[in-house]
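Worksheet: one structure, shown below.
The values are calculated or read from the model by the stated rules, or taken from the named source; none is laboratory data. The structure displayed is predicted, hence computed values, not measured ones. Note that we place each Cβ from the backbone using ideal geometry, even for glycine, and neighbour counts take in every protein chain shown.
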Amino acid sequence: MLVDSHIHSSFSDGVYSPQELWQKVVEKGLGGWALTDHDTMDGVEEARRLGQAHYPERMFIAGCEFSTHHPVVGEVHILAYFKENYEGILSLLAEYRRFRIRRAKLMVDLLRREGYHLEWEDILSRYENKPIGRMHLARALVESGYFSSTGEVFQGILDNKGRCYVPREEIRTEDVIGSIAKAGGVSVLAHPAFLAEEGFAMYVDEWLKLGLVGIEYRHPRVSEAVSAFVAGRYRGVFLTSGSDFHDDNGVKELGKYGIPLARWEAFFLSKKG
């Protein structure tokens, strides 16, 4: 049985609630899953309670996905996983939430100048207490009739080079890896498609020395060539696999990527806490 270790819920920018995700996990016949919402762990306790009450035979992993910055690589995503307690990471998540709100407000201001009449107060009230990001704005643009799909938004106005894109506030990759370790969690490099670039592996080597524990070597955005490279170069590293499931357009299929439940169990058994 496989564990899909990269799934998003409606607590960040996913479509489904933890309860709905549990149902889908069971329907897929998975051995377990990790909730890895962007910059929040607000959905973890609900998902954990549901698992303990209704699906005790399946594994649930408390997780989170952080967006970080590296001066050469650029944007780097780090997945954090916690065996039990994760209180030590909550202060960093609160900081990320403040950054996200400021960034989203700036992007809404730019969109309005371009003629896309989104109301900031409407977005703020609709996504109250959620880490607002580009996906939320993209959905609002689609619902307002400006675009036919969120994919169209991300390929245009809110693309990394789009007119209304605002870069994230820079929190260094190394700092996040250190914070996760200090909080008792383990850090995994998410979807390292950038490893297709020659020479970039040296930075992964540095992060491993600083406390990075694993690499997500199979993912919808990771080519077979990069997967093979990671599997060959990092044989002694914990290699994970996840779908990055949000389900806006069905491209990222829940459970399509995963690793055996026994590997996750053995990995966590080897960790303290």
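Descriptive notes on the structure:
- Single residue of the range 123-147 satisfying the filter (outside any helix (DSSP H, G or I) and in contact with a helix residue (DSSP H, G or I) (Cβ under 7 Å, 6 or more places away or on another chain)) that is modelled with the highest pLDDT: 147
- Scanning the range 98-112 for residues that are in contact (Cβ under 8 Å) with a residue 12 or more places away in the chain and charged (D, E, K, R), we see that the one that is farthest from residue 268 (Cα to Cα) is 105.
- Output for the range 1-19, where each listed residue is part of a strand (DSSP E or B) and more than 16 Å from the chain's Cα centre (by Cα): 2
- Looking only at residues in the range 78-99 that are over 12 Å from residue 40 (Cβ atoms) and small (Gly, Ala, Ser), the one that is surrounded by the fewest Cβ atoms within 10 Å (Cβ to Cβ) is 91.
- Taking residues in the range 82-97 that are under 19 Å from residue 6 (Cα atoms), and partners anywhere that are among the hydroxyl-bearing types (Ser, Thr, Tyr), the pairs with Cβ atoms closer than 8 Å and at least 6 places apart or on different chains are 89/179; 93/40.
- Test result for residue 188, of a type in the set (Val, Ile, Thr), in contact (Cβ under 8 Å) with a residue 40 or more places away in the chain, in contact with a strand residue (DSSP E or B) (Cβ under 9 Å, 6 or more places away or on another chain) and closer than 21 Å to residue 235 by Cα: yes
- Hits in the range 214-257 (condition: modelled with pLDDT under 95 and farther than 23 Å from residue 151 by Cβ): 235, 236
- Matching residues, the range 136-182, being among the charged types (D, E, K, R) and buried (at least 21 other Cβ atoms within 10 Å of the Cβ): none
- Residue in the range 100-111 that is in contact with an Asp or Glu (Cβ under 6 Å, 6 or more places away or on another chain), closer than 25 Å to residue 175 by Cβ and crowded, with 20+ Cβ neighbours inside 10 Å present: no
- Of the residues examined, residue 200 is not one that is surrounded by fewer than 21 Cβ atoms within 10 Å (Cβ to Cβ), touching a strand residue (DSSP E or B) at 6+ places or on another chain (Cβ under 8 Å) and modelled with pLDDT of 95 or more.
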